[in-house]
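> There's a structure below that I have some questions on.
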Amino acid sequence: MPEDTATTAIRPPSQGANARRVFVKSYGCQMNAYDATRMTDVLAPQGFVETQDVSQADLIILNTCHIREHASEKVFSELGKLRLLKQERAVQGEETMIAVAGCVAQAEGRELLRRQNAIDLVVGPQSYHRLPDLIDRARQTPGVVDTDFPAEDKFDHLTAPAPEKIRERGVSAFVTVQEGCDKFCTFCVVPYTRGAEVSRPVSQIVEEVSRLAQSGVREVSLLGQNVNAYHGEGPDGATWSLGRLAYRLAEIPGIARIRYMTSHPNDLDEELIAAHRDLPAMMPFLHLPVQSGSDRILAAMNRKHTAASYLQLIEKLRAARPDLALSSDFIVGFPGESEADFQATLDLVTQVNFASSYFFKYSARPGTGAATMEDQVAEEVKVERLARLQKLVDDQRRAFNAATVGRTLPVLFEKTGRHPGQIGGKTPYLQAVHCDGPADLIGSIVDVTIIESGPNSLHGRLASEQKEQPG
Ligand code: SAH
Ligand code: SF4
Ligand code: F3S
């Protein structure tokens, strides 16, 4: 293929007849959701406009997740449907390009093309800045694969979103600050699909957050597979921790709320705890996965922390920020997990009292340490344990939500509600709230008195007229 096919004439991002339409479907974590926006941003100068209607799309990107088995199976069933769509559109003389991105793309690479030949392009998470070139190449010769871990920093090449795009996406934004993971928990594919830990330089993040703030963003969620392992180069040449970064971001005018995910207990250092104590913008909600309450299982998982060290850490965090709400991920049925091990998990959940939690049945991921361990737990045992954990966690979530009834909390309004005249937002503890109010409060932080708590959201009443609160 000639080299020069890689260059495309830059067309303005118009809605005109020449515009090509791109549909992106993301699975998995927030990093993928963030990457999806970066992909559409990098394609905008090529004349691609986003569509929510897959049947209209000239380019379909499946941004995949590889964390659990059924996740990649879902991708193949989705691809089967897209193949038919591609055929139907071809009959009407329309070209459809299918790209697979994300962690399944990274893990499976060329194998994907073998299983589904309707795919034109396979692109790994470290190559998104090259999408325009890759798409051109795939147009000439379908079956392009790029899953390299290039030495260059993709963030240097990813296009900044236009201010109107930022506004369209709302007042709460994701910003990836760190990628990859060096932890190698024995159940997890992420170190293989996302590679080694890399942190973006502080100046790049400050610039991105400032730009978001200038277009009305009030809350940033800092993302990373192991976000609190962040160790980016500071403007002073020193290595900055996530805590130090948080202090800097809190200075950006307009940024009222900072969140971050996902953290590993062993990387939660004093500076980050101090940021929780000192910064009103640091939201009192922390997702801190523990995975299990049994030290034996934690060791087999290669977590390198114990139940006791996790509990100590929670104590320290709560001393710094007494109202800190916590959530966690749990895996049930890890190889070798006995009833006593599982009971230790229930005990830990009871002790911590989480505001919410996510729980998963262990599923073996090929290539990971735990996949070949003996003593795999029977499916029915996993199902039964999951139900018990779910009940405990649900009770805790309901109690946490119910405890906010009668309280007045600052809510960042993000969108109009489901019913006319309603607006919706989040409390500092990441609870969804709806209440009657004018749409012009969107983007403001306003006191709301909580009057009712449902299973997934709270209902409130504006405490007074448009009173801006810090945090
Ligand atoms: N980087 C994050 C999240 C990793 S994936 C962290 O360190 O916590 C999100 C969650 O999926 C994990 O916390 C874990 O609970 C779950 N998970 C990962 N691999 C899994 C597997 N093989 N089986 C079941 N759950 C898994
Ligand atoms: Fe996976 Fe463990 Fe890394 Fe989290 S810390 S991404 S669970 S290997
Ligand atoms: Fe899934 Fe990859 Fe995220 S495996 S959870 S999309 S890092």
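The values are calculated or read from the model by the stated rules, or taken from the named source; none is laboratory data. Model, not experiment: these values are computed from the prediction. Cβ: placed from backbone, ideal geometry, glycine included. Neighbour counts: every protein chain shown.
> Among the residues of region 68-81, is any within 16 Å of ligand 3 (Cβ to nearest atom), touching a His at 6+ places or on another chain (Cβ under 7 Å) and within 25 Å of Y362 (Cβ to Cβ)?
Yes, that holds for at least one residue.
> Quick one: which residue in R139, R89 is basic (K, R) and either modelled with pLDDT under 95 or within 15 Å of ligand 3 (Cβ to nearest atom) (or both)?
On the way: R89 fails: either modelled with pLDDT under 95 or within 15 Å of ligand 3 (Cβ to nearest atom) (or both).
That would be R139, the only listed residue that is basic (K, R) and either modelled with pLDDT under 95 or within 15 Å of ligand 3 (Cβ to nearest atom) (or both).
> Also: Would you check which residues across region 317-327 are part of a helix (DSSP H, G or I) and loosely packed, with under 14 Cβ neighbours inside 10 Å and list them?
Filtering region 317-327 down to residues part of a helix (DSSP H, G or I) leaves 317-320.
The answer is A319, and nothing else.
> Then there's this: Determine which member of the set Q312, Q225 is outside the structural domain of V349 (by TED's automatic domain parsing) and under 23 Å from the mean Cα position of the chain (by Cα). Don't jump to the end; show me each part of the working.
On the way: Q312 fails: under 23 Å from the mean Cα position of the chain (by Cα).
Exactly one residue qualifies, and that residue is Q225.
> Separate question: Would you please list the contacts, defined by Cβ atoms under 9 Å and residues six or more apart or on different chains, that run from a residue in region 390-412 that is in contact (Cβ under 8 Å) with a residue 40 or more places away in the chain and outside the structural domain of S172 (by TED's automatic domain parsing) to a residue that is among the aromatic types (F, W, Y) and assigned to a strand (DSSP E or B)?
V393/F330; V393/Y358; V393/F359
> Going residue by residue through region 210-222, is there one that turns out to be touching a Cys at 6+ places or on another chain (Cβ under 8 Å), within 16 Å of ligand 3 (Cβ to nearest atom) and outside the structural domain of K415 (by TED's automatic domain parsing)? Explain how you work it out, then say what you get.
So the first thing to find is which residues in region 210-222 are touching a Cys at 6+ places or on another chain (Cβ under 8 Å), and the list is none.
Within region 210-222 (the criterion being touching a Cys at 6+ places or on another chain (Cβ under 8 Å), within 16 Å of ligand 3 (Cβ to nearest atom) and outside the structural domain of K415 (by TED's automatic domain parsing)), the answer is no, since none of the residues qualifies.
> Can you tell me how many residues in region 179-214 are buried (at least 20 other Cβ atoms within 10 Å of the Cβ), within 11 Å of ligand 2 (Cβ to nearest atom) and of a type outside the set (K, R)?
9
> Across region 328-350, what is the number of residues that are of a type outside the set (A, V, I, L, M, F, W, C), farther than 19 Å from F285 by Cβ and not in a loop (DSSP other than H, G, I, E, B)? Write out each step before concluding.
At the first step, the residues of region 328-350 found to be of a type outside the set (A, V, I, L, M, F, W, C) are 328-329, 333, 335-339, 341, 343, 345, 347, 350.
Next, only the ones that are farther than 19 Å from F285 by Cβ stay: 333, 335-339, 341, 343, 345, 347, 350.
Those left that are additionally not in a loop (DSSP other than H, G, I, E, B): 339, 341, 343, 345, 347, 350.
Number of matching residues: 6.
> Let me ask you something else. Could you tell me which numbered condition K165 fails, if it satisfies all but one of (1) within 20 Å of the chain's Cα centre (by Cα); (2) at positive phi?
(2)
Every residue, every condition in (1) without any contact (Cβ under 8 Å) to a residue 12 or more places away in the chain; (2) surrounded by fewer than 20 Cβ atoms within 10 Å (Cβ to Cβ); (3) outside the structural domain of Y27 (by TED's automatic domain parsing), yes or no:
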position	(1), (2), (3)
G102	no, no, no
A107	no, no, no
R110	no, yes, no
R114	yes, yes, no
V122	no, no, no
Q126	no, no, no
L131	no, no, no
L134	no, no, no
R139	no, yes, no
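> Could you check C103 against (1) more than 16 Å from ligand 2 (Cβ to nearest atom); (2) under 21 Å from V42 (Cα atoms); (3) within 24 Å of the chain's Cα centre (by Cα); (4) assigned to a helix (DSSP H, G or I) and say which number it fails?
(1)
> Residue under question is I297, and the condition is that it be assigned to a helix (DSSP H, G or I), in contact (Cβ under 8 Å) with a residue 24 or more places away in the chain and within 16 Å of ligand 1 (Cβ to nearest atom); does it hold? Show your work before the answer.
Working: assigned to a helix (DSSP H, G or I): yes; in contact (Cβ under 8 Å) with a residue 24 or more places away in the chain: yes; within 16 Å of ligand 1 (Cβ to nearest atom): yes.
Here the answer is yes, as I297 does meet what is asked.
> Is it the case, given these coordinates, that E78 is within 16 Å of ligand 2 (Cβ to nearest atom) and over 29 Å from F155 (Cα atoms)? Show your work before the answer.
Details: within 16 Å of ligand 2 (Cβ to nearest atom): no; over 29 Å from F155 (Cα atoms): yes.
Here the answer is no, as E78 does not meet what is asked.
> Name the single residue, out of those in region 223-253 being assigned to a helix (DSSP H, G or I) and closer than 20 Å to A196 by Cβ, that is nearest to ligand 1 (Cβ to nearest atom). First the steps, then the outcome.
Going through region 223-253, the residues assigned to a helix (DSSP H, G or I) turn out to be 227-229, 242-250.
Now narrow it down to the ones that are closer than 20 Å to A196 by Cβ: 227-229, 242, 245.
Numbers: V227: 8, N228: 10, A229: 10, L242: 14, L245: 18 Å.
So, considering only residues that are assigned to a helix (DSSP H, G or I) and closer than 20 Å to A196 by Cβ, the one nearest to ligand 1 (Cβ to nearest atom) is V227.
> When residues of region 369-401 are filtered for being within 16 Å of ligand 3 (Cβ to nearest atom) and touching a helix residue (DSSP H, G or I) at 6+ places or on another chain (Cβ under 8 Å), how many remain?
1
> Same structure, new question: Test of understanding: among G237, G293, which residue is crowded, with 20+ Cβ neighbours inside 10 Å and either within 30 Å of K361 (Cβ to Cβ) or away from ligand 2 (no atom under 16 Å from the Cβ) (or both)? I'd like the intermediate steps shown before the answer.
On the way: G237 fails: crowded, with 20+ Cβ neighbours inside 10 Å.
Matching residue, one of G237, G293: G293.
> Would you be able to say whether some residue in region 221-230 is more than 27 Å from D148 (Cα to Cα) and modelled with pLDDT of 95 or more?
yes
> Restricting to region 146-196, what's the tally of residues that are among the hydrophobic types (A, V, I, L, M, F, W, C) and away from ligand 3 (no atom under 15 Å from the Cβ)?
As a first pass, look at region 146-196 and keep what is among the hydrophobic types (A, V, I, L, M, F, W, C): 149, 151, 155, 158, 160, 162, 166, 171, 173-175, 177, 181, 184-185, 187-190, 196.
Add one more test, that the residue is away from ligand 3 (no atom under 15 Å from the Cβ), and what stays is 151, 155, 158, 160, 162, 166, 171, 173, 175.
Here the count works out to 9.
> For region 205-222, how many residues are of a type in the set (S, T, N, Q) and part of a strand (DSSP E or B)? Quick ask: steps written out before the conclusion?
Taking region 205-222 as the starting set, the residues that turn out to be of a type in the set (S, T, N, Q) are 210, 214-215, 221.
Pick out the ones that are also part of a strand (DSSP E or B) and you get 221.
Of the residues in region 205-222, 1 are of a type in the set (S, T, N, Q) and part of a strand (DSSP E or B).
For every residue, the table says whether it meets (1) touching a helix residue (DSSP H, G or I) at 6+ places or on another chain (Cβ under 6 Å); (2) modelled with pLDDT under 95.
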site: A151; (1), (2): no, yes
site: L158; (1), (2): yes, yes
site: P163; (1), (2): no, yes
site: V171; (1), (2): no, no
site: V175; (1), (2): yes, no
site: C188; (1), (2): no, no
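> While we're here: Do the conditions hold for V377, that is, is it surrounded by 16 or more Cβ atoms within 10 Å (Cβ to Cβ), touching a Pro at 6+ places or on another chain (Cβ under 8 Å) and β-branched (V, I, T)? Lay out the reasoning, then the answer.
On the way: surrounded by 16 or more Cβ atoms within 10 Å (Cβ to Cβ): yes; touching a Pro at 6+ places or on another chain (Cβ under 8 Å): yes; β-branched (V, I, T): yes.
Considered against the rule, which asks whether it is surrounded by 16 or more Cβ atoms within 10 Å (Cβ to Cβ), touching a Pro at 6+ places or on another chain (Cβ under 8 Å) and β-branched (V, I, T), V377 comes out as yes.
> State whether the residues of region 151-164 include one that is crowded, with 20+ Cβ neighbours inside 10 Å and of a type in the set (A, V, I, L, M, F, W, C).
Within region 151-164, not a single residue is crowded, with 20+ Cβ neighbours inside 10 Å and of a type in the set (A, V, I, L, M, F, W, C).
> Applying the selection to region 347-367, what residues are of a type in the set (F, W, Y) and away from ligand 2 (no atom under 15 Å from the Cβ)?
Of region 347-367, the ones of a type in the set (F, W, Y) are 354, 358-360, 362.
Within region 347-367, F354 is the sole residue that qualifies.
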